[in-house]
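Throughout, read-outs are computed from the coordinates displayed, never taken from laboratory work. Please read these numbers as outputs of a predicted model, since none were measured by experiment.
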Amino acid sequence: MDNISLTPIGLFMQAGLVGKSVMALLFVASIWCWLLIVEALFGLSRLSRALSQAKAGHANALLAPIDALGAQEARIRVAGETVSERRQRVADKMTRASVELLTKAEGGLANLAVISSVSPFVGLFGTVWGIMGSFVGIAAAKDTSLAVVAPGIAEALAATAYGLAAAIPAAIGYNRLGSAFSRLGQALVNRAADHAVELTRDPVAPTPVGVKAEAA
């Protein structure tokens, strides 16, 4: 028992081949999880800043292609099309472009859901394997003392801890970032609808010749 190290590295070094494989896989998943969170945070910040600049009336290179697509679609005239139908067509075009932009900003956010759901089961496999190792040790030594079962139990609990270290931040990151991107997506849809109204607004018709304007 005294020779067992409770540090993550010590537990990894003392584990068997299967235990080491499980821990290594979960460690890589944990690192990947944090990289995905940082990537999503960067995309979220960038897109939020672009929307704030657009609301303030400033041009933004991130949203400029969407506005250009809307303007291009607004210039297309369809015979028999009403203003409302033309406005809806422009809004749909800008909405699709906005969704594509949002998807790029999210990066690998969906992979966080995979990590959060799979990691506990991978850790559970390592836990079961470690407990099985303890039973094998008991059978070989014909002794149920703590010194016999401690290595296997330590390996089992270490696998559980590695699994939770990957699953917890992945679950929190996916839920929090997913909610933030959902709100941002709704803001983009609203912006597309508002911008479509501006692009399809007909200019004020000139006063016909021969009709006098009313006196102020």
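Region 65-149: percent of C-alpha pairs farther apart than 19 Å? Tail of P(r) above 19 Å: 67 percent of Cα pairs. With no solvent and one equal point scatterer placed on each C-alpha of region 27-199, evaluate the Debye formula and give log10 I(q)/I(0) for q = 0.09 Å⁻¹, two decimals. So the normalised log intensities work out to -0.51.
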